[in-house]
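Q: Attaching a single structure in structure tokens format; questions to follow.
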Amino acid sequence: MTNTESRLTLTITFIVLGILVFITLFPIVLMVLNALKPAVEVVQNPLAFPSEIRWDNFSRAWTDARFAQTLMNSAVLTALTIVLVCTTSSLTAYVLARKKIKSWKVVTFYLLATTTAPIQLFLFPLYFGFAKLGLINNPIAVAFVYTAVYSPFAIMLLRTYFLAVPKELEEAALIDGATHWQVFWRVMLPIVSPGILTVALIIGLYSWNEFLIATTFLQSQDRLTAVVSFFLLSGNYSSDWGQIMAAALIIVLPIVVLFVLLQRRFIEGMAGGSVKG
Amino acid sequence: MHRLYVIPTIFINVVIIAIPAILTMILAFYRWDGMSTPVFVGLGNFEALWTDRVFWRALTNNLIWTGLFLTIPIGMGLLAATMMLIARRGSTFFQVIYFLPIIIATAITARVWQGMIYSPITGVLGLLDRYGLELTNPLTQVNTALYGVAVADLWHWWGFLCVIFFAALRQVPQEQVEAARVEGATFFQLMRYVLLPGIMPTISLMMIMTIIWSFLVFDFVFILTQGGPAFSSEVLSTLAYRSAFYDLAVGKAAAVSVIISLFGIVATIFYIRIQAAEIVE
């Protein structure tokens with residue numbers, strides 16, 4: 001775009017964009033501000049700066065939401081999901097991108113269809129089935145559920161990375177006597193590793209934040225994820241909003257730091273999975 | 001040989017999604033409490049829903065939700081995306097800020113809106129109320145509960161669309177933009193005749209996704225109002241969830257789920273056709 005916009009247009013543009021920044025940041029600022037306040041001051045005025053900074057909100061949040069345990073549960077579940085999604089999806093994405101099997105179209109359509117299936121369509125039989133098999137409160141079982149739900153997205157994203165690899169590389173390796181597995185493992189995977197990292201980040205974000213499946217399948221005290229533990233703390237056990245916002249910040253902060261550091265990857269990956277970017 | 005590569009994905013997906021989905025469709029014709037033997041009731045569950053006031057309320061709310069999300073966030077996203085194009089400077093900064101809400105867990109976003117904004121005791125609305133601006137908590141009023149929930153979800157959602165639209169706008173071929181410029185088009189003409197048509201595929205894809213997602217909405221409603229007060233903010237997914245796990249009416253829940261899927265299916269067909277056209281090339 002050439003710089004022909006008038007000063008007035010530019011002024012209006014920046015005012016509107018500024019208002020949208022304000023709207024976006026307002027609830028986030030409220031969260032940070034009140035996480036540092038004693039409960040009394042939250043009630044007096046949620047917009048005011050804290051008169052004294054109450055770090056003990058964080059320590060009380062840590063104890064009451066049992067974050068030592070629940071953050072660990074979330075981390076384990078997230079890690080399991082990332083490993084499962086990245087291994088299974090990169091295999092499938094390679095085969096679909098290179099049309100290695102005759103049924104590649106059927107498989108692709110099937111996966112696309114499941115991305116739009118409502119969770120409720122499979123949740124109830126799955127829950128009662130898992131209950132019968134004793135898989136409720138089992139993080140490995142939940143990681144498999146996440147894998148089923150997230151892998152179509154991961155496959156569609158990874159597929160574009162595999163498509164970008166020149167075919168000649170593969171052919172050259174085959175002529176040199178590499179087996180099909182070696183072509184995939186030694187030639188293709190290293191080239192698409194940036195794509196795998198992007199998928200790992202986004203799937204990690206989704207599993208860390210997930211609510212519906214986690215709250216349904218992980219209900220015992222020692223299996224709760226951090227998000228579900230926060231949900232219970234803020235709903236039942238506490239009316240101290242200083243403490244609740246501190247708990248929120250503990251869950252959000254690592255994600256925001258990671259996002260700010262790697263924002264290009266996040267944005268391109270999340271946007272690229274739904275639209276070709 | 002390469003068939004082995006897709007087996008893990010297909011196996012996991014079929015066991016977790018396809019088989020339970022088929023079971024749900026079968027269960028919709030049974031009465032089941034989750035433990036005893038299911039009893040076949042034919043269309044009984046659907047007939048019961050037909051005369052159920054709460055079901056119609058939930059369905060209407062899903063349609064209102066679809067209407068809200070097809071207009072407001074798409075409009076806001078397009079507006080901000082085009083303005084970022086005009087602003088040129090600072091677009092990375094705006095993108096990062098607008099994208100922030102989508103990376104925060106929905107459970108946390110919901111609680112921040114509930115406690116820090118809507119609450120009459122600890123929220124900003126309560127504060128303004130004490131200064132004399134007659135404001136009540138929208139979540140506790142029958143007429144406004146659904147909209148109170150929708151605002152929190154809109155806040156969380158519109159920035160994602162903005163970033164997607166911005167990426168699409170930047171991919172409109174530069175020659176077309178330059179040509180329009182040479183012809184002396186104003187920005188609004190440029191928008192109307194070059195940029196918007198250029199990103200129309202992205203806009204329609206996002207509208208199709210919005211329709212699908214609007215029938216799946218769960219987290220915000222479940223956390224903020226549980227469908228209340230007096231079922232005024234009930235949507236189909238919360239109705240199904242409560243029927244299955246609180247009322248132990250799994251057959252009814254399955255019937256509601258099948259109806260949710262029927263609404264999504266038309267949009268899903270369009271979605272697959274668009275995506276497939278791109279994949280088959």
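The values are calculated or read from the model by the stated rules, or taken from the named source; none is laboratory data. The shown structure was predicted, so the numbers you read here are calculated from the model rather than taken from an experiment. FYI the Cβ positions are ideal-geometry reconstructions off the backbone, even for glycines, and counts take in every protein chain you see. What goes into the accessible areas is simple: the full protein's heavy atoms, side chains included, and nothing from ligands, DNA or RNA. Shrake-Rupley method; radii C 1.70, N 1.55, O 1.52, S 1.80 Å.
Q: If you scan the stretch A:5-23, which residues turn out to be at the interface with chain B (Cβ under 9 Å from one of its Cβ atoms), part of a helix (DSSP H, G or I) and open to solvent by less than 60 Å² (accessible area, probe 1.4 Å)? Before the answer, list the steps.
A: Of the residues in the stretch A:5-23, the ones at the interface with chain B (Cβ under 9 Å from one of its Cβ atoms) are A:5, A:9-10, A:12-14, A:16-17, A:20-21, A:23.
If we keep only those that are part of a helix (DSSP H, G or I) as well, we get A:9-10, A:12-14, A:16-17, A:20-21, A:23.
Listed by number, the residues that qualify are A:THR9, A:LEU10, A:THR13, A:VAL16, A:LEU17, A:LEU20, A:VAL21.
Q: If the requirement is being open to solvent by less than 30 Å² (accessible area, probe 1.4 Å) and farther than 28 Å from B:MET206 by Cα, which of these qualifies: A:ILE140, A:ILE101, A:ILE155?
A: Working: A:ILE140 fails: open to solvent by less than 30 Å² (accessible area, probe 1.4 Å); A:ILE155 fails: farther than 28 Å from B:MET206 by Cα.
It is A:ILE101.
Q: Considering each of B:VAL151, B:VAL142 in turn, give the residue that is away from every other protein chain (no Cβ under 12 Å) and among the hydrophobic types (A, V, I, L, M, F, W, C).
A: Details: B:VAL151 fails: away from every other protein chain (no Cβ under 12 Å).
Result of the check over B:VAL151, B:VAL142: B:VAL142.
Q: What do you reckon, is B:THR82 more than 18 Å from B:ILE211 (Cα to Cα), buried (at least 21 other Cβ atoms within 10 Å of the Cβ) and at pLDDT below 95? Give the steps one after another, and end with the answer.
A: Details: more than 18 Å from B:ILE211 (Cα to Cα): yes; buried (at least 21 other Cβ atoms within 10 Å of the Cβ): yes; at pLDDT below 95: yes.
Yes; evaluated as a whole, the condition is true for this residue.
Q: Being in a helix (DSSP H, G or I), within 14 Å of another protein chain (Cβ to nearest Cβ) and open to solvent by 60 Å² or more (accessible area, probe 1.4 Å) is the requirement here; does B:MET1 meet it? Spell out how you get there, then give the answer.
A: On the way: in a helix (DSSP H, G or I): no; within 14 Å of another protein chain (Cβ to nearest Cβ): yes; open to solvent by 60 Å² or more (accessible area, probe 1.4 Å): yes.
No: the conditions fail for B:MET1.
Q: Of everything in the stretch B:72-117, what is under 20 Å from the mean Cα position of the chain (by Cα), β-branched (Val, Ile, Thr) and more than 7 Å from every other protein chain (Cβ to nearest Cβ)? Give them in sequence order.
A: The answer is B:ILE72, B:ILE74, B:ILE102, B:THR109.
Q: Which numbered condition in (1) touching a residue at least 12 places away in the same chain (Cβ under 8 Å); (2) within 14 Å of another protein chain (Cβ to nearest Cβ); (3) in a helix (DSSP H, G or I) is the only one that B:PHE69 fails?
A: Going through (1) touching a residue at least 12 places away in the same chain (Cβ under 8 Å); (2) within 14 Å of another protein chain (Cβ to nearest Cβ); (3) in a helix (DSSP H, G or I) one by one, B:PHE69 breaks only (2).
One line per residue, one yes/no per condition, for (1) over 25 Å from the mean Cα position of the chain (by Cα); (2) touching a residue at least 24 places away in the same chain (Cβ under 8 Å):
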| site | (1), (2) |
| --- | --- |
| A:LYS99 | yes, no |
| A:TYR110 | no, no |
| A:ILE140 | no, yes |
| A:ALA154 | no, yes |
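Q: Continuing with this model, one more query. Is it the case, given these coordinates, that A:THR78 is in contact with a Ser or Thr (Cβ under 6 Å, 6 or more places away or on another chain), more than 10 Å from chain B (Cβ to nearest Cβ) and not small (Gly, Ala, Ser)?
A: Numbers: in contact with a Ser or Thr (Cβ under 6 Å, 6 or more places away or on another chain): yes; more than 10 Å from chain B (Cβ to nearest Cβ): yes; not small (Gly, Ala, Ser): yes.
Yes, satisfied.
Q: Let me ask something additional. B:ARG57 - would you say it is farther than 23 Å from A:VAL142 by Cβ and surrounded by 16 or more Cβ atoms within 10 Å (Cβ to Cβ)? Outline the logic, then answer.
A: Details: farther than 23 Å from A:VAL142 by Cβ: yes; surrounded by 16 or more Cβ atoms within 10 Å (Cβ to Cβ): yes.
It is true that B:ARG57 is farther than 23 Å from A:VAL142 by Cβ and surrounded by 16 or more Cβ atoms within 10 Å (Cβ to Cβ).
Q: May I ask you to list the residues in the stretch B:233-253 that are open to solvent by 10 Å² or more (accessible area, probe 1.4 Å), in contact (Cβ under 8 Å) with a residue 24 or more places away in the chain and part of a loop (DSSP other than H, G, I, E, B)?
A: Selection gives B:LEU248, B:ALA249.
Q: Just to confirm my filter: which helices (runs of 4 or more DSSP H) fall fully inside the stretch B:175-232 and include at least 2 residues that are under 21 Å from B:HIS156 (Cβ atoms)?
A: Filter on the stretch B:175-232 gives B:196-214, B:219-224.
Q: For the stretch B:8-36, name all the residues that are more than 8 Å from chain A (Cβ to nearest Cβ) and buried (at least 18 other Cβ atoms within 10 Å of the Cβ).
A: Passing the criteria: B:ALA28, B:PHE29, B:TYR30, B:TRP32.
Q: Check every one of the helices (runs of 4 or more DSSP H) wholly within the stretch A:137-247 and list those with 1 or more residues that are within 9 Å of another protein chain (Cβ to nearest Cβ). Reasoning before the result, please.
A: On the way: elements: A:139-163, A:167-175, A:189-209, A:212-217, A:226-232.
Hits in the stretch A:137-247: A:139-163, A:189-209, A:212-217, A:226-232.
Q: May I ask you to say which residue of B:PRO229, B:PRO201 is more than 11 Å from every other protein chain (Cβ to nearest Cβ) and open to solvent by 30 Å² or more (accessible area, probe 1.4 Å)? Don't jump to the end; show me each part of the working.
A: On the way: B:PRO201 fails: more than 11 Å from every other protein chain (Cβ to nearest Cβ).
None of the other options fit; the residue is B:PRO229.
Q: Among (1) touching a helix residue (DSSP H, G or I) at 6+ places or on another chain (Cβ under 7 Å); (2) touching a residue at least 40 places away in the same chain (Cβ under 8 Å), which single condition is A:THR114 missing?
A: Condition (2) is where A:THR114 drops out.
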